[in-house]
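The values are calculated or read from the model by the stated rules, or taken from the named source; none is laboratory data. Computed from a prediction, not measured in an experiment: that's the story for all the values here. Methodologically, a virtual Cβ is constructed for each residue, glycine included, from the backbone with ideal geometry; neighbour enumeration extends over all protein chains shown.
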Amino acid sequence: MSKNKTIVSIVNIEGFPTTEEAIIHAIELIESDFHFNLNSAKQILLKPNLLIGKKDACTQPRFVKGVIKYLQKKEVQIKNIFIGDSPGQFKKNAIDIAKKVGIYEICNNSGVVFKEFENEIPYHEKIEDGEKLTDYYVSKPIKDSDIIINLPKLKTHGEATMTGAIKNYWGIIPGGLKAKYHLLGKTPYEFGKCIADNFSWVYHNKLNRIIVYDLQKIMQGTMGPVSGKMVEWNLVMAGTDELALDTIALELGEVDPDLIPHLKEAKKRELGVSELEKIEIVGMSLKEAKKKTPKFKIPGKRMLKIGSYITSRIVYKVTKKIPILNKNKCVGCQECAQICPADAIEFNNSRYPEFQREKCISCLCCSELCSQQAIETKRRGIKGLFKGY
Ligand code: SF4
Ligand code: SF4
């Protein structure tokens, strides 16, 4: 059932000496919506958008810094704060990206531990109301967290139309699996269902969530989410309801939320508050904030179809990494078969493991955890275009 009401704060960053102070204020304005205690949480996980090593494409470091400062102000112990993401296997890992954009340094200096989502065996989870995804894999740090602080950035997106609070959770799916699940959404509308399925798992299983929305510089146009045009909005929003926050972000940019497939789907499934009259705006009024925000330019339908085709077909097929056995190193201990979350490794009357390519989810845990380093990995490359799995 959807909530009756939620609070969203909108804060003008220009009204504060630093962005960090604006962020702290934005979170304090929505504290009455917290039904959890920050100080009793053992694992508070910050989830920024770490897409690629390019500052404009990621959540800004000052947003991470602002949230850490807020938690310190509330006397949360640093040892209980973590940060992580999974950008997808065809790019570098999240730590490399975090280093490039300046987020890693901030975490390191404050003692916040970085969690690479791919480094631990993911959990196999069911999505009760899933349409495209009914069971899938979720990164361990997400599943283990007591509170998630989601740090999305508003950008256009070649397949999903826009990425924001709901879409940012796509990163909880480890590595190359994201690309595999893209294949289930052949059109932008179907991909919207996949995003809503994933969000439904979050909505029903991770009840303690805070969203701090980076609207300082948004990305728009057909080249998002990597190389779109940057536009200054100089705002920060905070809340506990992703659908409400995405709805308000689009209201500021004069875009109908029903044009965004995953928002339309989330609204239909009542995964949050979508009606403006049920969203209490605090801080700036919507009217005031709109004066600062030019129209958010989203890609047209044709561009979305092209984006969807390219990402879900070619990129996945060519960049997928697969495990390859080095028989010279393998000692036949069979541990890889035990840890494989997809039961994709078999020993059929053989000393050596056999990879069942149809079942393999490319998590590469076998490679990571083989004590003999006997499992190497390789990209399928251009030949992957002709593979059925
Ligand atoms: S864990 Fe490594 S050494 Fe053991 S069977 Fe698997 S590949 Fe061979
Ligand atoms: S075979 Fe290796 S890469 Fe494939 S699903 Fe199993 S553990 Fe993951």
Over region 345-382, the set of residues part of a loop (DSSP other than H, G, I, E, B), away from ligand 1 (no atom under 12 Å from the Cβ) and touching a strand residue (DSSP E or B) at 6+ places or on another chain (Cβ under 8 Å) is Asn348, Gln356, Arg357, Cys360, Ile361, Ser362, Cys363, Leu364, Arg380
Evaluate region 72-83: report whether one residue or more is touching a Ser or Thr at 6+ places or on another chain (Cβ under 6 Å) and buried (at least 21 other Cβ atoms within 10 Å of the Cβ).
no
- For region 233-240, does any single residue satisfy the condition of being crowded, with 19+ Cβ neighbours inside 10 Å, modelled with pLDDT of 95 or more and over 26 Å from Asn198 (Cβ atoms)? yes
When region 175-215 is checked residue by residue, the ones that are among the polar types (S, T, N, Q) and either in contact with an Asp or Glu (Cβ under 7 Å, 6 or more places away or on another chain) or not assigned by TED's automatic domain parsing to the domain that holds Pro141 (or both) are Ser200, Asn208
Output for Cβ contacts, cut-off 6 Å, separation at least six or different chains, first residue part of a strand (DSSP E or B) in region 106-126, second among the small types (Gly, Ala, Ser), reads Lys115/Gly84; Glu116/Ala94
Pairs returned, first residue in region 19-36 that is in the same structural domain as Val236 (by TED's automatic domain parsing), second residue that is among the small types (Gly, Ala, Ser) and surrounded by fewer than 21 Cβ atoms within 10 Å (Cβ to Cβ), beta-carbon separation under 8 angstrom, 6 or more apart or interchain, are Ala22/Gly15
Here the qualifying pairs (Cβ atoms under 6 Å; residues six or more apart or on different chains; first in region 325-349 and closer than 16 Å to Glu376 by Cβ; second modelled with pLDDT of 90 or more and more than 14 Å from ligand 2 (Cβ to nearest atom)) come out as Lys329/Gln372; Val331/Gln372
Within region 164-180, is even one residue among the hydroxyl-bearing types (Ser, Thr, Tyr), closer than 23 Å to Glu251 by Cβ and either without any contact (Cβ under 8 Å) to a residue 12 or more places away in the chain or crowded, with 23+ Cβ neighbours inside 10 Å (or both)?
yes
Over region 74-94, the set of residues out of contact with any helix residue (DSSP H, G or I) (no Cβ under 6 Å at 6 or more places or on another chain) and at pLDDT below 95 is Gln89, Lys91, Lys92, Asn93, Ala94
Tell me whether region 34-52 contains one or more residues that are surrounded by 14 or more Cβ atoms within 10 Å (Cβ to Cβ), of a type in the set (Gly, Ala, Ser) and in a helix (DSSP H, G or I). no
Over region 185-237, the set of residues in contact with a Ser or Thr (Cβ under 9 Å, 6 or more places away or on another chain) and hydroxyl-bearing (Ser, Thr, Tyr) is Thr187, Thr222
Matching residues in region 326-347 (among the β-branched types (Val, Ile, Thr) and at pLDDT 90 or above) number 2
